[in-house]
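Student: Can you keep this structure in mind? I'll have questions shortly.
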Amino acid sequence: MDEIGLESSSLSTPITTGSSTPHNHVSASNVSVVRSFTPSEESQGTSPIFDNAEEFEQMTFSAAEALKAKLTGLDDFTFKRKNSSRTTSSRIFSRPESPLKKKYIAETGYTSTSLRKHDDEFDTDFADWSMEGTGRRVAYDNFTTIDWIHDFAKERARQRKLRHQKGIGGQLRLIFDAMEGWIVVLAVGVISGILAAVITITTEWLNDIKEGYCKTGFYLNRKNCCWGYDDDRESCVEWVRWTTAFQAKSAAAEFWTNYLIYIIFSTTFATIAAYLVKSYSSYSTGSGIPEIKTILGGFVIRKFLGWWSLIIKSIGVCLVAASSLCLGKEGPLIHLACCCGNIIPRIFPKFRYNEAKKREVLSAAAAAGVSVAFGAPIGGVLFSLEEVSYYFPFRTMWRSFFCAMVAAVALASMNPYRTGKLVLFQVVYDREWHGFDMIFFALLGIMGGLYGALFIRMNLKVAVFRKDSWLRYFSVQEVIIISLFTSIVSYLNIYMRVNPSELVANLFRECEGGDYHNLCNYTNHWEPTLLLLIASILKFFLTAVTFGLKVPAGVWLPSIAIGACFGRAVGLMVHAWQKYNPGFWLFASCEPDTECITPGMYAMVGAAATFGGVTRMTVSLVVIMFELTGALTYVLPIMIAVMISKWVGDAFDKEGIYDGWIRINEYPFLDSKEDYVYNTLASQYMTRVEDLMVITATGHTLESLDELLKDTDYKGFPVVNNVKNMLLTGYISRSELRYAMDKAKKKPGISLLSPCYFSNLPILDSTAFIDFKPWMDQTPITISPKFPMEMTIELFRKMGLRYILITQHGQLLGLITKKDVLRHLSAIRHPDVVNSEDPQEQPKYMMLSERDLTNDFGTV
């Protein structure tokens with residue numbers, strides 16, 4: 001779709017009036033108004049004001065009498081007596097489309113898939129909507145932006161009507177209405193915790209099945225099968241390894257048996273996940289966090305948080321996490337929690353029919369997702385506030401905290417690891433850090449920032465190539481090839497072969513209570529150090545290529561694992577340095593005959609640095625790491641490493657991995673963290689009135705409005721008093737205009753020549769007419785042409801606006817849409833590419849480019 005009410009010079013020309021039919025829509029650049037209306041023969045015999053002839057014979061109710069009666073009989077379109085037989089159904093559903101209707105849609109370009117009213121459930125009196133002035137709305141179409149101001153106004157009208165109810169019943173309804181939000185977040189937290197526990201248990205079993213099976217119960221993983229054994233790998237007789245099952249005798253036979261079994265299972269798991277995504281739910285791919293940020297910003301993506309996404313992603317994330325792909329399950333847990341936050345509120349009408357209220361629940365659900373992913377409820381609340389939430393009032397913070405707490409309690413009650421820990425890599429340190437450690441922590445921060453910048457750039461380039469090349473047609477085959485290659489490479493390095501969660505847990509912990517793959521073998525430092533460096537480098541390239549495949553997975557755990565491997569390697573090198581040179585001046589603070597260096601702490605700091613370099617998280621990341629370790633002493637080193645990582649990463653590009661994916665997917669998202677400091681005015685970037693297609697308040701018929709919608713594809717139209725003075729009356733969107741017209745056509749006596757009014761209603765005219773005023777936004781946001789562009793962008797960000805009208809003394813001068821702001825910011829970020837003469841390069845850096853916006857995303 002094109003901009004709201006804008007006229008593209010290359011696609012359309014101003015509509016002029018003809019001699020046979022009244023064309024009353026006008027272009028400001030071609031001022032011509034013709035009002036010709038002749039009542040049809042149908043309207044002359046029986047008054048169309050009433051639903052049937054019997055009602056007309058009983059009483060005549062003119063427009064003047066309706067106004068005198070304080071508009072108590074005002075219907076959606078015509079002045080008439082209120083129909084006493086009107087039902088109280090909550091919604092009006094559209095009938096199945098006939099072939100004729102489908103042909104009409106194809107001819108007119110009207111692509112709305114829903115003709116039901118958005119707010120019939122709480123349909124208040126007309127006086128309420130006149131008081132608010134925002135007009136009535138139909139359901140939001142897919143790939144459109146919600147109207148935050150209207151949804152808040154609708155909630156105020158609902159609350160006002162609820163408070164007017166008297167008696168004990170009214171008080172009970174008020175109490176239950178206040179409890180609904182807490183009931184919803186309670187249910188979301190409980191289900192999210194249980195779902196995360198089930199996914200964790202399933203993933204553990206799938207990981208262990210690559211090594212063997214439990215003969216006492218095939219459904220048991222190795223830990224549960226060998227419960228009670230000190231060393232479950234060697235002395236557990238209930239756990240049967242595949243080498244034993246296939247009777248491999250020699251060492252070579254054992255190696256190749258384990259190698260082939262590992263490759264077969266890993267590739268099979270990834271293939272099944274890719275097939276499920278392609279066949280049943282394409283929205284289940286990736287982590288879902290970029291889409292969740294966009295949805296919380298007001299964008300509508302139908303089915304992304306639906307049942308199929310919940311089911312397929314729950315199954316797929318288990319398979320992918322158990323495969324050899326360098327992907328994790330922590331990011332998708334946020335998507336799954338938000339699916340619960342979208343499905344559960346549907347039982348309460350105030351959330352089901354109000355998109356703004358629903359997004360408050362989604363913010364709490366995102367906090368619950370982080371809570372179950374890392375066992376960090378406080379970090380989850382901060383993550384929702386810092387990273388994903390667009391609108392975060394005080395009540396949403398408390399509900400997010402409650403939801404995250406309940407999710408953590410539910411996960412702890414399930415105890416998926418049988419250790420009492422919420423996550424596998426939760427550790428506790430009891431050693432102090434020294435001043436010289438800060439030098440190496442700063443080094444890890446620098447490496448984390450460099451890693452993040454390089455990873456984002458490389459991953460986005462691969463994603464753009466995958467999106468624009470022939471690879472997009474072979475998503476399953478691509479997963480098979482990459483999974484096969486990754487499993488072949490990963491098995492040869494022990495630190496790439498094991499489960500990433502188990503690897504991170506052992507990289508974080510201190511060397512007490514046993515060794516883990518020579519990590520605590522301090523007599524030979526260089527072998528594990530070299531393997532860790534190789535693992536971190538290979539994981540970097542594999543993750544950069546793998547993240548973006550059509551499978552459910554995230555990038556959090558791989559980034560943590562890469563940073564932990566590199567940090568542990570640095571820790572081992574520093575430990576060896578101190579061990580063989582204890583008298584060096586740098587280690588003067590180390591006490592003799594005691595362990596001075598904690599390599600596990602270096603792994604923790606390295607993991608935080610790389611995690612921050614990729615996501616550009618700060619406060620929430622530090623709190624998450626603090627909740628993982630439980631040691632307040634190590635908060636300062638983590639803070640320093642995270643800040644240095646962000647500074648280094650921002651020196652290359654300020655966008656994180658999710659912001660980059662939002663850009664290449666062309667989602668309409670305005671980042672509240674980005675500053676605009678250029679000294680420009682709104683008039684410099686508005687679409688001027690000469691290029692606008694406007695609607696006059698009077699002088700229209702259904703036929704002329706039909707032709708307007710047929711000849712244009714704009715998402716809305718400014719309404720002016722007349723084209724001479726261009727005094728702004730309001731704004732009506734295409735969806736509301738189409739719905740109102742379709743409903744009016746079903747009224748008896750209404751013809752294509754029936755007059756339509758957006759204002760200046762006829763008082764004494766007894767002719768049937770159609771009133772579109774209830775569906776028009778009578779109080780659109782307007783600004784002066786000298787209003788700073790910086791403040792204009794803040795209005796779009798803080799108020800969630802879709803458009804702003806530019807007026808001076810009430811006269812319409814121009815219009816700015818959200819897409820204009822996004823294009824403007826893209827031009828600032830990439831001026832060389834946007835101004836380039838190469839048409840192939842511009843869309844890559846233009847958010848909401850003209851290339852795919854019409855077919856894929858609609859108009860903002």
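Student: Just one of the numbered conditions (1) crowded, with 23+ Cβ neighbours inside 10 Å; (2) touching a residue at least 24 places away in the same chain (Cβ under 8 Å) is not true of P393; which one?
Tutor: (1) is the only condition that P393 fails.
Listed here are the residues, each with its yes/no results for (1) at pLDDT 85 or above; (2) in contact with an Asp or Glu (Cβ under 8 Å, 6 or more places away or on another chain).
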position	(1), (2)
T782	yes, no
E794	yes, no
L805	yes, no
A827	no, no
E841	no, no
E850	no, no
F857	no, yes
V860	no, no
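Student: If I filter the range 509-525 for residues that are touching a residue at least 40 places away in the same chain (Cβ under 8 Å), of a type outside the set (D, E), part of a helix (DSSP H, G or I) and over 19 Å from V277 (Cβ atoms), do I get at least one hit?
Tutor: no
Student: Just wondering, is there one or more residues in the range 559-571 that are among the charged types (D, E, K, R) and either open to solvent by less than 10 Å² (accessible area, probe 1.4 Å) or in a helix (DSSP H, G or I) (or both)?
Tutor: Checking the range 559-571: at least one residue is among the charged types (D, E, K, R) and either open to solvent by less than 10 Å² (accessible area, probe 1.4 Å) or in a helix (DSSP H, G or I) (or both).
Condition check ((1) surrounded by fewer than 23 Cβ atoms within 10 Å (Cβ to Cβ); (2) under 23 Å from Y473 (Cβ atoms); (3) at pLDDT below 95; (4) more than 18 Å from the chain's Cα centre (by Cα)) across all residues:
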site	(1), (2), (3), (4)
W256	yes, no, yes, yes
T271	yes, yes, no, yes
K278	yes, yes, yes, yes
S284	no, yes, yes, no
I295	no, no, yes, no
G298	no, no, yes, no
R302	yes, no, yes, no
G306	yes, no, yes, no
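Student: Now, a different point. Of the conditions (1) touching a Gly at 6+ places or on another chain (Cβ under 9 Å); (2) assigned to a helix (DSSP H, G or I), V381 satisfies every one except a single condition; which number is it?
Tutor: That leaves (1) as the condition not met.
Student: Okay, next question. Between residues in the range 165-176 that are more than 18 Å from F348 (Cα to Cα) and residues that are open to solvent by 60 Å² or more (accessible area, probe 1.4 Å), which pairs lie under 8 Å by C-beta distance while being six or more apart or on different chains?
Tutor: As it stands, the answer is Q165/R173, since those pairs meet every condition given.
Student: If the requirement is being among the β-branched types (V, I, T), over 32 Å from the mean Cα position of the chain (by Cα), open to solvent by less than 30 Å² (accessible area, probe 1.4 Å) and at negative phi, which of these qualifies: V555, V551, V574?
Tutor: The conditions single out V574.
Yes or no, residue by residue, for (1) farther than 30 Å from A337 by Cα; (2) surrounded by 20 or more Cβ atoms within 10 Å (Cβ to Cβ); (3) in contact with a Lys or Arg (Cβ under 7 Å, 6 or more places away or on another chain); (4) not aliphatic (A, V, I, L, M):
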residue: T203; (1), (2), (3), (4): no, yes, yes, yes
residue: I209; (1), (2), (3), (4): no, no, no, no
residue: G217; (1), (2), (3), (4): yes, no, no, yes
residue: K223; (1), (2), (3), (4): no, no, yes, yes
residue: V237; (1), (2), (3), (4): yes, no, no, no
residue: R241; (1), (2), (3), (4): yes, no, no, yes
residue: S250; (1), (2), (3), (4): yes, no, no, yes
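Student: Still on this structure: If we keep just the residues of the range 622-633 that are of a type in the set (V, I, T) and touching a residue at least 40 places away in the same chain (Cβ under 8 Å), which is surrounded by the fewest Cβ atoms within 10 Å (Cβ to Cβ)?
Tutor: T633
Student: Can you give me the number of residues within the range 121-165 that are on the phi > 0 side of the Ramachandran plot and either modelled with pLDDT of 85 or more or assigned to a strand (DSSP E or B) (or both)?
Tutor: Here the count works out to 1.
Student: Another question, then. For the list (1) out of contact with any Pro (no Cβ under 8 Å at 6 or more places or on another chain); (2) over 23 Å from F299 (Cβ atoms); (3) surrounded by 16 or more Cβ atoms within 10 Å (Cβ to Cβ), I need the number of the one condition that I763 fails.
Tutor: (3)
Student: Same structure again: When you go through (1) in a helix (DSSP H, G or I); (2) under 21 Å from the mean Cα position of the chain (by Cα) one by one for A412, which number turns out not to apply?
Tutor: With respect to (1) in a helix (DSSP H, G or I); (2) under 21 Å from the mean Cα position of the chain (by Cα), A412 is out only on (2).
Student: Somewhere in the range 618-630, is a residue under 24 Å from the mean Cα position of the chain (by Cα) and charged (D, E, K, R)?
Tutor: no
Student: Turning to a different aspect of this structure: Which count do you get for residues in the range 658-703 that are in contact with a helix residue (DSSP H, G or I) (Cβ under 6 Å, 6 or more places away or on another chain) and small (G, A, S)?
Tutor: 3
Student: Still on this structure: Given the options L538, L519, L532, name the one that is within 30 Å of D468 (Cα to Cα), surrounded by 16 or more Cβ atoms within 10 Å (Cβ to Cβ) and under 42 Å from the mean Cα position of the chain (by Cα).
Tutor: None of the other options fit; the residue is L538.
To keep it simple, each residue is scored yes or no on (1) open to solvent by less than 10 Å² (accessible area, probe 1.4 Å); (2) in contact with a Ser or Thr (Cβ under 7 Å, 6 or more places away or on another chain).
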| position | (1), (2) |
| --- | --- |
| I311 | no, no |
| A322 | yes, yes |
| P332 | yes, yes |
| G341 | yes, no |
| I344 | no, no |
| I347 | no, no |
| A368 | yes, yes |
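Student: Can you find, within the range 681-708, the residue that is farthest from N760 (Cα to Cα) among those that are in contact with a Leu (Cβ under 6 Å, 6 or more places away or on another chain) and of a type in the set (S, T, Y)?
Tutor: Ranking the candidates gives T687 first.
The values are calculated or read from the model by the stated rules, or taken from the named source; none is laboratory data. No experiment lies behind these values; they were computed from the predicted model shown. Neighbour counts run over all protein chains shown; Cβ positions are idealised from the backbone, glycine included. Accessible surface areas use protein heavy atoms only, side chains included; no ligands, DNA or RNA. Shrake-Rupley method; radii C 1.70, N 1.55, O 1.52, S 1.80 Å.
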